[in-house]
Amino acid sequence: MTQRLSSARWQQLAAEHAHRADALTAEYRGARAAGRRHAIDDFLFTYYSYRPSVLRKWHPGIGIALDDADEYANKRWYRTNTDGSVTVDAAAFLADRGHVARQIHALSEAIAGRQPRFSCFGLHEWAMVYRQPEHRHPIPLRLGQAGTDAVVESHDINCTHFDAFRFFTPDARPLNQLQPTRATQCDLDQTGCLHANMDLYKWAMKLGPLVPGDLLLDTFALAREIRWTDMQASPYDVSDYNVPAIAIETPQGKAEYVQLQRSYAERAQLLRGRLIEVIRAAQQAAITETEGGSRNILAAG
(Lines give C-alpha, C1' and ligand atoms only; values in the text may rest on other atoms or scores of the structure.)
Protein backbone atom coordinates (compact mmCIF):
# COMPACT_ATOMS: atom_id res chain seq x y z
CA MET A 1 0.00 0.00 0.00
CA THR A 2 1.27 3.44 -0.95
CA GLN A 3 1.77 5.96 1.85
CA ARG A 4 0.98 9.55 0.96
CA LEU A 5 2.95 12.43 2.43
CA SER A 6 1.77 16.01 2.58
CA SER A 7 4.00 18.75 1.23
CA ALA A 8 4.86 19.92 4.75
CA ARG A 9 5.78 16.41 5.88
CA TRP A 10 8.01 15.41 3.00
CA GLN A 11 9.76 18.77 2.98
CA GLN A 12 10.49 18.30 6.67
CA LEU A 13 11.93 14.85 5.97
CA ALA A 14 14.04 16.25 3.13
CA ALA A 15 15.40 19.02 5.37
CA GLU A 16 16.22 16.57 8.16
CA HIS A 17 17.97 14.33 5.66
CA ALA A 18 20.13 17.19 4.37
CA HIS A 19 21.02 18.20 7.94
CA ARG A 20 22.09 14.66 8.83
CA ALA A 21 24.08 14.30 5.61
CA ASP A 22 25.89 17.58 6.32
CA ALA A 23 26.81 16.37 9.81
CA LEU A 24 28.19 13.11 8.43
CA THR A 25 30.35 14.89 5.85
CA ALA A 26 31.38 17.90 7.94
CA GLU A 27 34.94 16.72 8.66
CA TYR A 28 35.59 15.86 5.03
CA ARG A 29 34.16 19.15 3.78
CA GLY A 30 36.12 21.08 6.40
CA ALA A 31 39.37 19.51 5.23
CA ARG A 32 38.52 20.24 1.61
CA ALA A 33 37.72 23.87 2.40
CA ALA A 34 41.09 24.20 4.12
CA GLY A 35 42.88 22.62 1.16
CA ARG A 36 43.90 19.54 3.16
CA ARG A 37 43.73 15.90 2.25
CA HIS A 38 41.92 13.67 4.74
CA ALA A 39 43.53 10.23 4.75
CA ILE A 40 40.45 8.60 6.27
CA ASP A 41 37.35 10.34 4.93
CA ASP A 42 38.66 11.07 1.42
CA PHE A 43 38.19 7.40 0.54
CA LEU A 44 34.44 7.75 0.93
CA PHE A 45 34.36 10.35 -1.87
CA THR A 46 37.15 9.13 -4.15
CA TYR A 47 36.85 5.33 -4.20
CA TYR A 48 33.09 5.82 -3.81
CA SER A 49 32.87 8.63 -6.32
CA TYR A 50 29.74 10.39 -5.06
CA ARG A 51 29.94 14.00 -3.91
CA PRO A 52 28.46 15.14 -0.57
CA SER A 53 25.88 17.09 -2.56
CA VAL A 54 24.54 13.81 -3.98
CA LEU A 55 24.38 12.23 -0.53
CA ARG A 56 22.24 15.07 0.86
CA LYS A 57 19.54 14.69 -1.80
CA TRP A 58 16.51 13.03 -0.27
CA HIS A 59 14.38 10.43 -2.02
CA PRO A 60 11.17 9.01 -0.55
CA GLY A 61 11.77 5.50 -1.88
CA ILE A 62 9.34 2.90 -3.15
CA GLY A 63 5.75 3.04 -1.89
CA ILE A 64 5.67 6.75 -0.99
CA ALA A 65 3.55 9.34 -2.81
CA LEU A 66 4.34 13.04 -2.45
CA ASP A 67 1.80 15.83 -2.59
CA ASP A 68 2.67 19.13 -4.29
CA ALA A 69 6.02 17.81 -5.44
CA ASP A 70 6.64 19.54 -8.75
CA GLU A 71 10.39 19.50 -8.13
CA TYR A 72 10.29 15.70 -8.17
CA ALA A 73 7.79 15.37 -11.00
CA ASN A 74 10.42 16.38 -13.56
CA LYS A 75 13.20 14.25 -12.11
CA ARG A 76 14.35 11.12 -13.86
CA TRP A 77 12.61 7.94 -12.68
CA TYR A 78 9.62 9.73 -11.12
CA ARG A 79 6.03 9.73 -12.34
CA THR A 80 2.96 11.85 -11.68
CA ASN A 81 -0.15 9.87 -10.76
CA THR A 82 -3.71 10.61 -11.83
CA ASP A 83 -4.40 12.15 -8.40
CA GLY A 84 -1.52 14.59 -8.85
CA SER A 85 0.84 12.95 -6.37
CA VAL A 86 4.38 12.02 -7.41
CA THR A 87 6.04 8.62 -6.87
CA VAL A 88 9.18 6.81 -7.90
CA ASP A 89 8.73 5.16 -11.31
CA ALA A 90 10.02 1.67 -10.58
CA ALA A 91 9.22 0.37 -14.05
CA ALA A 92 11.25 3.14 -15.69
CA PHE A 93 14.18 2.66 -13.33
CA LEU A 94 14.32 -1.10 -13.85
CA ALA A 95 13.94 -0.70 -17.60
CA ASP A 96 17.08 1.48 -17.54
CA ARG A 97 19.04 -0.08 -14.69
CA GLY A 98 17.57 -3.54 -14.29
CA HIS A 99 20.95 -5.20 -14.85
CA VAL A 100 22.41 -3.20 -11.94
CA ALA A 101 19.52 -4.14 -9.66
CA ARG A 102 19.92 -7.80 -10.61
CA GLN A 103 23.63 -7.76 -9.82
CA ILE A 104 23.10 -6.04 -6.47
CA HIS A 105 20.28 -8.43 -5.59
CA ALA A 106 22.30 -11.55 -6.46
CA LEU A 107 25.38 -10.39 -4.55
CA SER A 108 23.37 -9.24 -1.52
CA GLU A 109 21.45 -12.52 -1.33
CA ALA A 110 24.68 -14.51 -1.60
CA ILE A 111 26.38 -12.55 1.18
CA ALA A 112 23.30 -12.61 3.42
CA GLY A 113 23.18 -16.40 3.25
CA ARG A 114 26.88 -17.01 3.91
CA GLN A 115 28.62 -17.51 7.25
CA PRO A 116 30.85 -14.54 8.15
CA ARG A 117 34.59 -14.97 8.62
CA PHE A 118 36.47 -13.15 11.38
CA SER A 119 40.07 -14.17 10.78
CA CYS A 120 41.42 -11.53 8.40
CA PHE A 121 42.31 -8.96 11.11
CA GLY A 122 42.35 -6.15 8.55
CA LEU A 123 45.59 -7.37 6.99
CA HIS A 124 44.43 -6.28 3.55
CA GLU A 125 45.65 -2.76 4.32
CA TRP A 126 49.02 -4.14 5.33
CA ALA A 127 49.23 -6.17 2.13
CA MET A 128 48.65 -2.97 0.15
CA VAL A 129 51.97 -1.53 1.37
CA TYR A 130 53.98 -4.77 1.66
CA ARG A 131 57.53 -4.25 0.35
CA GLN A 132 56.41 -1.02 -1.26
CA PRO A 133 58.42 2.18 -0.74
CA GLU A 134 55.60 4.43 -2.00
CA HIS A 135 52.20 4.38 -0.28
CA ARG A 136 48.71 5.64 -1.06
CA HIS A 137 48.50 7.90 2.00
CA PRO A 138 51.02 10.62 2.86
CA ILE A 139 51.30 9.54 6.49
CA PRO A 140 54.00 7.35 8.04
CA LEU A 141 53.73 3.67 8.78
CA ARG A 142 53.28 3.02 12.48
CA LEU A 143 55.91 0.23 12.58
CA GLY A 144 58.02 1.44 9.67
CA GLN A 145 58.42 -0.49 6.43
CA ALA A 146 60.45 -3.37 7.85
CA GLY A 147 58.12 -3.80 10.82
CA THR A 148 55.08 -3.70 8.54
CA ASP A 149 56.54 -6.30 6.22
CA ALA A 150 57.32 -8.53 9.20
CA VAL A 151 53.68 -8.43 10.33
CA VAL A 152 52.50 -9.49 6.87
CA GLU A 153 55.03 -12.32 6.74
CA SER A 154 54.09 -13.64 10.19
CA HIS A 155 50.36 -13.95 9.47
CA ASP A 156 48.09 -15.93 7.22
CA ILE A 157 46.50 -13.57 4.70
CA ASN A 158 42.96 -14.60 3.72
CA CYS A 159 41.24 -11.63 2.09
CA THR A 160 37.96 -12.58 0.35
CA HIS A 161 37.13 -9.22 -1.26
CA PHE A 162 38.31 -8.59 -4.81
CA ASP A 163 38.21 -4.80 -4.55
CA ALA A 164 40.62 -4.97 -1.64
CA PHE A 165 42.76 -7.76 -3.08
CA ARG A 166 43.30 -5.92 -6.37
CA PHE A 167 45.26 -3.24 -4.47
CA PHE A 168 47.68 -5.74 -2.91
CA THR A 169 51.29 -5.15 -3.91
CA PRO A 170 52.72 -7.67 -6.41
CA ASP A 171 54.72 -9.34 -3.63
CA ALA A 172 51.66 -9.64 -1.41
CA ARG A 173 49.24 -11.22 -3.88
CA PRO A 174 50.79 -14.70 -3.82
CA LEU A 175 50.61 -14.66 0.01
CA ASN A 176 46.81 -14.49 0.00
CA GLN A 177 45.19 -17.87 0.56
CA LEU A 178 42.51 -16.94 -1.98
CA GLN A 179 42.85 -15.25 -5.36
CA PRO A 180 39.55 -13.32 -5.66
CA THR A 181 38.36 -12.10 -9.04
CA ARG A 182 35.36 -10.05 -10.11
CA ALA A 183 33.82 -13.25 -11.46
CA THR A 184 34.06 -14.98 -8.06
CA GLN A 185 32.69 -12.06 -6.01
CA CYS A 186 29.31 -13.72 -5.40
CA ASP A 187 31.11 -16.89 -4.31
CA LEU A 188 33.53 -15.26 -1.88
CA ASP A 189 32.15 -12.02 -0.43
CA GLN A 190 30.90 -12.42 3.13
CA THR A 191 29.50 -10.16 5.81
CA GLY A 192 32.55 -10.42 8.08
CA CYS A 193 34.43 -8.40 5.46
CA LEU A 194 34.64 -4.72 6.30
CA HIS A 195 34.86 -3.70 2.66
CA ALA A 196 31.87 -5.80 1.60
CA ASN A 197 29.88 -4.03 4.31
CA MET A 198 31.15 -0.59 3.30
CA ASP A 199 29.96 -1.38 -0.23
CA LEU A 200 26.36 -1.28 0.97
CA TYR A 201 26.67 2.48 0.57
CA LYS A 202 27.71 2.03 -3.06
CA TRP A 203 24.79 -0.30 -3.76
CA ALA A 204 22.33 2.10 -2.12
CA MET A 205 23.65 4.90 -4.34
CA LYS A 206 23.40 2.76 -7.47
CA LEU A 207 19.77 1.97 -6.70
CA GLY A 208 19.08 5.70 -6.84
CA PRO A 209 15.55 6.90 -6.02
CA LEU A 210 14.38 3.38 -5.14
CA VAL A 211 16.20 3.77 -1.81
CA PRO A 212 14.61 5.97 0.88
CA GLY A 213 16.82 8.70 2.27
CA ASP A 214 17.13 7.24 5.76
CA LEU A 215 18.45 3.93 4.39
CA LEU A 216 20.98 5.69 2.17
CA LEU A 217 22.34 7.67 5.13
CA ASP A 218 22.35 4.56 7.34
CA THR A 219 24.58 2.80 4.80
CA PHE A 220 26.87 5.82 4.58
CA ALA A 221 27.10 6.16 8.36
CA LEU A 222 28.10 2.50 8.63
CA ALA A 223 30.61 2.84 5.80
CA ARG A 224 32.21 5.82 7.52
CA GLU A 225 32.50 4.04 10.86
CA ILE A 226 34.03 1.05 9.13
CA ARG A 227 36.44 3.25 7.19
CA TRP A 228 37.76 4.77 10.40
CA THR A 229 38.19 1.32 11.93
CA ASP A 230 39.88 0.13 8.75
CA MET A 231 42.47 2.88 9.02
CA GLN A 232 42.92 2.48 12.77
CA ALA A 233 43.75 -1.18 12.16
CA SER A 234 45.96 -0.37 9.19
CA PRO A 235 49.76 0.00 9.29
CA TYR A 236 49.41 3.78 9.03
CA ASP A 237 49.95 6.09 11.99
CA VAL A 238 46.57 7.80 12.36
CA SER A 239 47.37 9.55 15.64
CA ASP A 240 47.06 12.96 13.93
CA TYR A 241 43.36 12.18 13.46
CA ASN A 242 42.85 11.87 17.22
CA VAL A 243 42.05 8.16 17.18
CA PRO A 244 44.11 5.32 18.67
CA ALA A 245 45.61 2.54 16.63
CA ILE A 246 44.08 -0.92 16.73
CA ALA A 247 47.30 -2.91 16.96
CA ILE A 248 46.21 -6.05 15.13
CA GLU A 249 49.74 -7.43 15.44
CA THR A 250 48.98 -8.05 19.14
CA PRO A 251 46.43 -10.43 20.73
CA GLN A 252 44.64 -7.47 22.33
CA GLY A 253 44.41 -5.65 19.01
CA LYS A 254 43.10 -8.75 17.26
CA ALA A 255 40.39 -9.16 19.89
CA GLU A 256 39.37 -5.51 19.58
CA TYR A 257 39.23 -5.76 15.79
CA VAL A 258 37.10 -8.92 15.81
CA GLN A 259 34.67 -7.41 18.32
CA LEU A 260 34.14 -4.42 16.03
CA GLN A 261 34.01 -6.68 12.99
CA ARG A 262 31.20 -8.74 14.52
CA SER A 263 29.23 -5.63 15.39
CA TYR A 264 29.58 -4.25 11.86
CA ALA A 265 28.56 -7.61 10.39
CA GLU A 266 25.33 -7.64 12.41
CA ARG A 267 24.45 -4.07 11.44
CA ALA A 268 25.35 -4.69 7.81
CA GLN A 269 23.10 -7.73 7.62
CA LEU A 270 20.13 -5.61 8.68
CA LEU A 271 20.92 -2.95 6.09
CA ARG A 272 21.56 -5.60 3.44
CA GLY A 273 18.15 -7.08 4.17
CA ARG A 274 16.56 -3.67 3.76
CA LEU A 275 18.23 -3.19 0.37
CA ILE A 276 17.02 -6.61 -0.75
CA GLU A 277 13.49 -5.61 0.27
CA VAL A 278 13.81 -2.37 -1.71
CA ILE A 279 14.67 -4.33 -4.85
CA ARG A 280 11.81 -6.76 -4.28
CA ALA A 281 9.39 -3.89 -3.71
CA ALA A 282 10.60 -2.24 -6.92
CA GLN A 283 9.97 -5.47 -8.79
CA GLN A 284 6.42 -5.66 -7.51
CA ALA A 285 5.78 -1.98 -8.18
CA ALA A 286 7.14 -2.35 -11.73
CA ILE A 287 4.80 -5.27 -12.39
CA THR A 288 1.86 -3.14 -11.26
CA GLU A 289 2.99 -0.12 -13.27
CA THR A 290 3.73 -2.09 -16.45
CA GLU A 291 0.76 -2.54 -18.74
CA GLY A 292 -0.83 -5.93 -18.13
CA GLY A 293 1.36 -6.58 -15.10
CA SER A 294 2.78 -9.69 -16.73
CA ARG A 295 6.40 -8.82 -17.35
CA ASN A 296 8.87 -9.39 -14.53
CA ILE A 297 11.37 -6.66 -15.32
CA LEU A 298 13.86 -7.52 -12.60
CA ALA A 299 14.07 -11.15 -13.73
CA ALA A 300 14.38 -10.25 -17.40
CA GLY A 301 17.62 -11.06 -19.11
Kindly check whether there is at least one residue in the stretch 227-236 that is open to solvent by less than 10 Å² (accessible area, probe 1.4 Å), over 22 Å from His38 (Cα atoms) and among the acidic types (Asp, Glu).
no
Residues Arg97, Arg117, Arg131: which one is among the basic types (Lys, Arg), more than 16 Å from Ala39 (Cβ to Cβ) and more than 27 Å from the chain's Cα centre (by Cα)?
Arg131
Taking the stretch 149-177 and keeping residues touching a strand residue (DSSP E or B) at 6+ places or on another chain (Cβ under 9 Å), assigned to a loop (DSSP other than H, G, I, E, B) and surrounded by 12 or more Cβ atoms within 10 Å (Cβ to Cβ) leaves Asn158, Cys159, Phe168, Ala172
Do we find that Ser49 is under 22 Å from Ala221 (Cβ atoms) and open to solvent by 80 Å² or more (accessible area, probe 1.4 Å) in this structure?
yes
Can you say whether Glu27 is within 25 Å of His137 (Cα to Cα) and at pLDDT 95 or above, as far as the supplied structure shows?
yes
Pro235, sole failed condition from (1) in contact with a Leu (Cβ under 6 Å, 6 or more places away or on another chain); (2) at positive phi; (3) not hydrophobic (A, V, I, L, M, F, W, C)
(2)
Can you name the residue in the stretch 27-41 that is part of a loop (DSSP other than H, G, I, E, B) and open to solvent by 30 Å² or more (accessible area, probe 1.4 Å) and is also nearest to Ile226 (Cα to Cα) among such residues?
Arg37
Can you tell me which residues in the stretch 141-181 are among the charged types (D, E, K, R) and closer than 24 Å to Ser239 by Cβ?
Arg142, Asp149
Need at least 1 residues that are among the hydroxyl-bearing types (Ser, Thr, Tyr) per element, so show me which strands (runs of 3 or more DSSP E) inside the stretch 60-146 make the cut, counting only ones lying wholly within it.
78-80, 86-88
Taking Asp149 as meeting all but one of (1) touching a residue at least 40 places away in the same chain (Cβ under 8 Å); (2) charged (D, E, K, R); (3) farther than 21 Å from Val258 by Cα, write down the number of the exception.
(1)
Long-range neighbours under 6 Å by Cβ, at least six apart or interchain, first residue more than 20 Å from Gln11 (Cβ to Cβ) within the stretch 205-217, second assigned to a loop (DSSP other than H, G, I, E, B):
Met205/Tyr50; Leu210/Ile62
What tally of residues in the stretch 117-145 results from selecting those that are in contact with a Phe, Trp or Tyr (Cβ under 7 Å, 6 or more places away or on another chain) and open to solvent by 50 Å² or more (accessible area, probe 1.4 Å)?
1
Considering the stretch 1-24 alone, what residues qualify as being hydrophobic (A, V, I, L, M, F, W, C) and either at pLDDT below 95 or open to solvent by 30 Å² or more (accessible area, probe 1.4 Å) (or both)?
Met1, Ala8, Leu13, Ala15, Ala23, Leu24
Name the single residue that is nearest to Gly273 (Cα to Cα) among those in the stretch 215-247 being part of a helix (DSSP H, G or I), acidic (Asp, Glu) and modelled with pLDDT of 95 or more.
Asp218
Report, by residue number, each residue of the stretch 248-275 that is open to solvent by 10 Å² or more (accessible area, probe 1.4 Å) and either of a type in the set (A, V, I, L, M, F, W, C) or not in a helix (DSSP H, G or I) (or both).
Glu249, Thr250, Ala255, Val258, Leu260, Leu270, Leu271
Out of curiosity, is Asp187 among the acidic types (Asp, Glu) and touching a residue at least 60 places away in the same chain (Cβ under 8 Å)?
yes
Pairs with Cβ under 7 Å, 6+ apart, first in the stretch 278-301 and modelled with pLDDT under 75, second of a type in the set (Ser, Thr, Tyr) and open to solvent by less than 60 Å² (accessible area, probe 1.4 Å)
Ile297/Thr290
I'd like to know if the stretch 44-51 contains one or more residues that are in contact (Cβ under 8 Å) with a residue 12 or more places away in the chain, in contact with a Leu (Cβ under 7 Å, 6 or more places away or on another chain) and not in a loop (DSSP other than H, G, I, E, B).
no
Test: Arg117 is basic (Lys, Arg) and touching a Ser or Thr at 6+ places or on another chain (Cβ under 8 Å)
yes
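The values are calculated or read from the model by the stated rules, or taken from the named source; none is laboratory data. The model shown is predicted, which means the values in this text are computed figures rather than measured ones. Positions of Cβ are backbone-derived with ideal geometry, glycine not excepted, and every protein chain shown enters the neighbour counts. Side chains included, ligands, DNA and RNA excluded: accessible areas come from the protein's heavy atoms. Shrake-Rupley method; radii C 1.70, N 1.55, O 1.52, S 1.80 Å.
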